[in-house]
Amino acid sequence: MQRKDIFERLQNGEIISSDDSEAYKMREASFATKALLLKMNNTEDPGEVRALLSEITATEIDETVTVFTPLHINYGKHTKIGKNVFINFDCVFLDLGGITIEDNVQIAPKVSLLTESHPLHPADRQSLIPKPIHIKKNAWIGANATILQGVTVGENAVVAAGSVVSKDVPDNVVVGGIPAKIIKEIKSV
């Protein structure tokens, strides 16, 4: 049986050791993405931003998506972005573990979506542990918030500015703090 490609293994949540025979492919892909990001982050044309982001993610970015650059992504092809999404200035997406952003999501400036981590033991620390992030419909991620690997942010949820989210966020709540905790429920009118 043939071993899966490193990017498939990352999406499957497999830990990638530093001596993995395909580890070099992650760096090569990141440098290719960086070349596209340089172009994307240096244009003021929203259509060109979407076209370059489509190339980075290898998906069609809908015309209802707005991205205020700069945006920083280390891979891109594991990021899926829905319709009517707004991504503000200076966000960081580490997406080797997979990022899904559903429709009508608002992401404020300086938000970090980090799907990657490392083992605690120093001898293993160069290894990569990928886990996906999923942001559901109508969520709002406040400025300078950090969403850590393996987290799902529920529908209509709000993540307060400056929060660090390390656990799943239910639908229809506001979370805040470090680590983020539920502050209140959002009642529909």
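The values are calculated or read from the model by the stated rules, or taken from the named source; none is laboratory data. Owing to the predicted nature of the structure, the values given are computational and were not obtained by experimental measurement. Cβ placement follows ideal geometry from the backbone for every residue including glycine, while neighbour counts extend to all protein chains displayed. The accessibility values were calculated without ligands, DNA or RNA, using every heavy atom of the protein model including side chains. Shrake-Rupley method; radii C 1.70, N 1.55, O 1.52, S 1.80 Å.
Using just its DSSP H runs of length 4 or more, each adding -39500 (n - 2.57), the chain gives a mean residue ellipticity at 222 nm of -6000 deg cm²/dmol after division by all residues. For Lys25, a cut-off of 17 angstrom between C-alpha atoms picks up these aspartates and glutamates, skipping any fewer than 8 places away in its own chain: Asp5, Glu8, Glu14, Asp95, Glu116.
Would you mind telling me the share, in percent, of accessible area of the chain contributed by carbon and sulfur at probe 1.4 angstrom? Within the chain, the accessible surface is 53 percent carbon and sulfur.
Can you work out D for the range 112-189 in µm² s⁻¹ from Stokes-Einstein, where Rh is the Kirkwood radius over C-alpha pairs, the temperature is 37 °C and the viscosity is 0.692 mPa s? Roughly 254 µm²/s, to the nearest whole number. For the range 1-54, applying the loop criterion from DSSP together with a ceiling of 10 other beta carbons within 10 Å to the trypsin sites (Lys or Arg not before Pro) yields Arg3.
In terms of overall dimensions, the C-alpha atoms belonging to the range 108-156 reach 41, 19, 10 Å along their principal axes, ordered largest to smallest. Annotation: lysines with alpha-carbon distance below 19 angstrom to Lys167 (same-chain offsets under eight excluded): Lys131, Lys136, Lys137, Lys181, Lys184.
With every protein chain kept in place and ligands, DNA and RNA left out, what is the accessible area per residue of the range 73-138? Probe 1.4 Å, answer in Å².
For the range 73-138, the per-residue accessible area is 44 Å².
An ellipsoid equivalent to the range 1-92, defined through the eigenvalues of its Cα gyration tensor, has semi-axes of 28, 14, 11 Å when rounded to whole angstrom and sorted largest first.
Three principal axis extents of the range 48-129 based on alpha-carbon atoms, in descending order, are 46, 24, 20 Å. For the chain, report the translational diffusion coefficient in µm²/s to the nearest whole number, using Stokes-Einstein at 20 °C, 1.002 mPa s, and a Kirkwood Rh over Cα pairs. The diffusion coefficient I find is 126 µm²/s. Farthest toward the dipole's positive end in the chain, which of Thr146, Ile135, Thr59, given Cβ charges of +1 (Lys, Arg) and -1 (Asp, Glu) about the Cα centre? So the residue we want is Thr146.
For the range 28-71, the Kirkwood hydrodynamic radius from C-alpha pairs, put into Stokes-Einstein at 20 °C and a viscosity of 1.002 mPa s, yields a diffusion coefficient of 206 µm² per second. What net charge do the residues around Asn74 carry, taking every other residue with its C-beta under 14 Å from that of Asn74, with Lys and Arg at +1 and Asp and Glu at -1? Surrounding charge for Asn74 is +1. Computed over the range 141-182, the quotient of the alpha carbon radius of gyration and 2.2 N^0.38 Å is 0.94.
Amide H to amide H distances under 5 Å link Ile73 with Phe93, where only residues 5 or more positions off or on other chains count and H is placed in the peptide plane.
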